[in-house]
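The values are calculated or read from the model by the stated rules, or taken from the named source; none is laboratory data. These figures come from a predicted structure and were not determined experimentally. Here Cβ is always computed from backbone atoms with ideal geometry, including for glycine, and neighbour counts include all displayed protein chains.
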Amino acid sequence: MSTLHWSNADVEVHKLVVGSYDNNVFIVRCTATGEAVLIDAANEHERLLELSQALGVRRILETHGHHDHIGAVTEMREAGYEVAVTAADAPMLKEVGYDVLIDDKEVIEFGSLRLHTIHNPGHTPGSISFHLDGTPLLFTGDTLFPGGPGATQYEGGDFNTIITSIDELLFPFPDDTIVLPGHGLDTTIGNERPHLQEWVDRGW
């Protein structure tokens, strides 16, 4: 079964759904050089290792530190892959470890591709999204889903903060921006933006 989820002349995006929480794992690959990054080493490390080796993954980027998004980190690090996370969420990885900290507005280069980081707290204090330069792709982790924001009832979550993050940092993207969330199906900014007040009114 093919894992290819989206592509153009410069990039391939591969998607795996893993674990009991049906986490989305994305591998973003530069077609010119074969270099790639993996977003969220969530679970099923054997499948992730096999695909990472086949697709040229160089490093792993965590959108946030919740347990269902880091279940394969230990094995991926043991296999030699560098794991990056924001400083605010790094304490959540204390048992599995990490190697590098990601900052807000950082540019992560691999091959000819550039991922721009967007620190959007609310789901967790250090939740981060990634926009792939030159494409409509926005990897939002558990910050924005089809139909609303990610859950905020867990420790470190805050509903008002996630609403502000979505409104001020994600909704300025064009309508045709494709949202690739940490669980579930893709959506677009244009589909979600009109519903912001509904989410505020319902409180989740």
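Looking only at region 115-125, decide whether some residue is in contact (Cβ under 8 Å) with a residue 24 or more places away in the chain, more than 12 Å from the chain's Cα centre (by Cα) and over 19 Å from residue 67 (Cβ atoms).
Quick first cut of region 115-125, residues in contact (Cβ under 8 Å) with a residue 24 or more places away in the chain only: 115, 118-125.
Subsequent filtering for residues that are more than 12 Å from the chain's Cα centre (by Cα) retains 121-125.
Imposing the further condition that a residue be over 19 Å from residue 67 (Cβ atoms) reduces the set to none.
No, the conditions are met nowhere in region 115-125.
When residues of region 126-135 are filtered for being surrounded by fewer than 24 Cβ atoms within 10 Å (Cβ to Cβ), within 13 Å of the chain's Cα centre (by Cα) and polar (S, T, N, Q), how many remain?
Matching residues across region 126-135 total 0.
Look through region 138-165, keep the residues that are in contact with a Pro (Cβ under 6 Å, 6 or more places away or on another chain) and not polar (S, T, N, Q), and return whichever of them is nearest to residue 5 (Cα to Cα).
Top of the filtered list is 145.
List every residue pair whose Cβ atoms lie under 7 Å apart, where the two residues are 6 or more positions apart in sequence or sit on different chains, the first residue falls within region 78-94 and is under 16 Å from residue 37 (Cα atoms) and in contact (Cβ under 8 Å) with a residue 24 or more places away in the chain, and the second residue, located anywhere, is of a type outside the set (Lys, Arg) and assigned to a helix (DSSP H, G or I).
79/49; 81/52; 83/73; 83/76; 85/93
Grab the strands (runs of 3 or more DSSP E) fully contained in region 10-75, keeping just those with 1 or more residues being surrounded by fewer than 22 Cβ atoms within 10 Å (Cβ to Cβ) and in contact with a Cys (Cβ under 7 Å, 6 or more places away or on another chain).
Numbers: elements: 11-18, 23-30, 36-39, 57-61.
Per the criteria, 11-18.
Give me the pairs, please: first residue somewhere in region 21-49 and under 13 Å from residue 183 (Cβ atoms) and at pLDDT 95 or above, second residue anywhere and of a type in the set (Asp, Glu) and in a loop (DSSP other than H, G, I, E, B), beta-carbon distance under 7 Å, and either six or more positions apart or on two chains.
23/40; 25/40; 40/62
Just one of (1) under 24 Å from residue 10 (Cα atoms); (2) assigned to a helix (DSSP H, G or I); (3) β-branched (Val, Ile, Thr) trips up residue 135, so point out which.
Status for residue 135: all satisfied but (2).
Scan (1) touching a Leu at 6+ places or on another chain (Cβ under 8 Å); (2) on the phi < 0 side of the Ramachandran plot for the single condition residue 92 breaks and write down its number.
Only one criterion in (1) touching a Leu at 6+ places or on another chain (Cβ under 8 Å); (2) on the phi < 0 side of the Ramachandran plot is unmet by residue 92, namely (1).
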